[in-house]
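Here is the structure we will look at, set down as structure tokens.
The values are calculated or read from the model by the stated rules, or taken from the named source; none is laboratory data. Please read these numbers as outputs of a predicted model, since none were measured by experiment. Note that each Cβ is placed from the backbone with ideal geometry, even for glycine, and that neighbours are counted across all protein chains shown. For the accessible areas, the whole protein counts, side chains as well, though only heavy atoms, and no ligand, DNA or RNA atoms are used. Shrake-Rupley method; radii C 1.70, N 1.55, O 1.52, S 1.80 Å.
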Amino acid sequence: EKSKVKEYVSSTFFSLSMISVAIAAVVLIVSLLFDWQAVMNTELPETELLFGFMVTGLLFAANFAISFLNQTFYAYQRPSLSSLVIFLSNLFAVVFVLVISIGLEENLVLVAASYSSSQILSRLLIGYFFFKRHDEAAPEIGYFSLSRAREILKLGSKFFIIQIAAIVIFTTDNMIIT
């Protein structure tokens, strides 16, 4: 069943990658439609705000594509790796921000890029070592299956609906109480 594992992981990764490309395109288009100085109520230069939003959105989309790694770690009974990703991400973010504040001119785009890229860097680093040890789960384009992608999307949408229903239930509880 190792080929089936590779098929599911590959289908998940490449499906999320396609969704991420769509998110990135939307971010680029939407970012050009707003006056970011008015939205953020700040006097920072418009280009700095625009590029800051674009960098954050694009790196968010890239991070979204590799976020499946957490579920892969859980599937292999290695939840500590997800915690390690969070720890490394925070460590990298602190180091990057310190380097920017000490050695470079303070810039919103650099801070946004350093914080967002720290999440990607930590996931890729832990993912590299994980897949080096568990080659059967490493995504490969040749194992992408459209039928598996549909199956995963169908199941994922059911869980999404359940989560939305839970949010509505818990929110209405609070509204009734108040």
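Dividing the summed -39500 (n - 2.57) terms of all DSSP H runs of n ≥ 4 by the residue count of the chain sets its mean residue ellipticity at 222 nm at -28500 deg cm²/dmol. Using the Cα centre of the chain as origin and beta-carbon charges of +1 (Lys, Arg) and -1 (Asp, Glu), tell me which of Ala138, Ile66, Leu108 is placed farthest towards the positive end of the dipole. Farthest along the dipole direction, towards plus: Ala138.
Axis angle, to the nearest 10 degrees, between helix 2-31 and the longest C-alpha principal axis of the chain: 20 degrees. By how many degrees, between 0 and 90 and to the nearest 10, does the Cα long axis of helix 108-133 differ from the longest principal axis of the chain? On a 0 to 90 degree scale, this one is about 20. Of all aspartates and glutamates in the structure, those lying under 18 Å Cα to Cα from Lys6, and not within fewer than 8 positions of it along the same chain, are Asp135, Glu136, Glu140, Glu151.
Kindly state, to the nearest 0.05, the FRET efficiency for Val21 paired with Ile86, given R0 = 22 Å and r defined as their beta-carbon distance. Don't skip to the answer; put the middle values down first.
Working: r = 26 Å, r/R0 = 1.16.
Between Val21 and Ile86 the formula returns 0.30.
A simple count of charges around Ser80, restricted to other residues whose Cβ falls under 15 Å of its Cβ and scoring Lys, Arg +1 and Asp, Glu -1, yields +3. The dipole here belongs to the chain: it is taken about the Cα centre, uses +1 on the Cβ of Lys and Arg and -1 on the Cβ of Asp and Glu, and is about 1000 debye.
In the context of the full set of protein chains, residues of the chain present 66 Å² of accessible surface per residue (probe radius 1.4 Å, heavy atoms only). In segment 25-161, Cα pairs under 8 Å separated by at least six residues give a relative contact order of 25 percent.
Taking all protein chains in place and a 1.4 Å probe, what share, in percent, of the accessible surface of segment 1-152 do carbon and sulfur account for? Kindly include the intermediate steps, with their values, before the conclusion.
Details: 6320 of 9200 Å².
Roughly 69 percent, rounded to a whole number.
Spin-label pair Phe131-Ser145: with each label point 7 Å from Cα along the Cα-Cβ axis, the two points sit 1.9 nm from one another.
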